[in-house]
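One structure below.
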Amino acid sequence: MGLFGLFGNKKEEQNTALLEWQKVVCQDQSNGLIMTRKQLEAATVEQVQNSVRIFDDCANIINSTTKPDVFFGRLELAEEKLQHLVSLEPFMSEIKAIKKTGSFSDLWDKFQNEKERYITDFLYRYYWAVKEKAEKLKTEKGKASQFQKFYDSLIPFFGFISEKNMRYIESMKDQKI
């Protein structure tokens, strides 16, 4: 039974359900309907398509970049888009144009459970890029400088990094070639 099946045919109850839907789609706290059901459906379809596209793009970048600002920015954007998809999920069953193959709530849970691994994978990928660059340098000071830059570039993101990954970063920073 869909969202509107819960409310029966009463106009006021349907308007309440539409208002709740509108609050998610428009991300506002309006007390009055400004969109029709058809407009809400169209806006939901567009938002789902955009959020899925952006999330997929973020996932590709999260799994390939060696730049901390890009990685953590895309990690945050992916979470934001996925969270929006989860908030739209209750209304998607009301729209025939949306064919869901899975649950965004399940994807959210998986993303949260795997987040530390994504960060660990990034740190190793970034470290190896730095190490490769350092190996091409002639002086020990130049090599050590590359690892210090590695560490310094991660400082703004320490709040996102687990204690375990912080230990990895510390050991990577102190590497000698």
>> Looking at the structure I just gave you, is ARG37 open to solvent by 40 Å² or more (accessible area, probe 1.4 Å) and either under 30 Å from GLY159 (Cα atoms) or among the aliphatic types (A, V, I, L, M) (or both)?
In response: no
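Yes or no, residue by residue, for (1) free of Cβ contacts under 8 Å to residues at least 24 places away in the same chain; (2) closer than 30 Å to GLN146 by Cα; (3) open to solvent by less than 70 Å² (accessible area, probe 1.4 Å):
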{"residue": "ASN31", "(1), (2), (3)": "yes, no, no"}
{"residue": "ALA59", "(1), (2), (3)": "yes, yes, yes"}
{"residue": "THR65", "(1), (2), (3)": "no, yes, yes"}
{"residue": "PHE71", "(1), (2), (3)": "no, yes, yes"}
{"residue": "LEU82", "(1), (2), (3)": "no, no, yes"}
{"residue": "LEU107", "(1), (2), (3)": "no, no, yes"}
>> Name the residue that is most open to solvent (accessible area, probe 1.4 Å), counting only residues in segment 114-129 that are more than 13 Å from the chain's Cα centre (by Cα) and farther than 15 Å from MET166 by Cβ.
In response: TRP128
>> Taking the conditions exactly as written (within 18 Å of TRP108 (Cβ to Cβ) and buried (at least 16 other Cβ atoms within 10 Å of the Cβ)), does ILE54 satisfy them or not?
In response: yes
> TYR151 passes all but one of (1) in contact with a Lys or Arg (Cβ under 8 Å, 6 or more places away or on another chain); (2) free of Cβ contacts under 8 Å to residues at least 40 places away in the same chain; (3) open to solvent by 80 Å² or more (accessible area, probe 1.4 Å); which number fails?
Replying inline: (3)
> Taking segment 130-145, which residues are open to solvent by less than 90 Å² (accessible area, probe 1.4 Å), of a type outside the set (A, V, I, L, M) and outside any helix (DSSP H, G or I)?
Replying inline: THR139
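The values are calculated or read from the model by the stated rules, or taken from the named source; none is laboratory data. These figures come from a predicted structure and were not determined experimentally. Heads up, the Cβs are rebuilt from the backbone with ideal geometry, glycines too, and the neighbour counts pull from every protein chain shown. Surface areas here come from the heavy atoms of the whole protein model, side chains and all, with no ligands, DNA or RNA. Shrake-Rupley method; radii C 1.70, N 1.55, O 1.52, S 1.80 Å.
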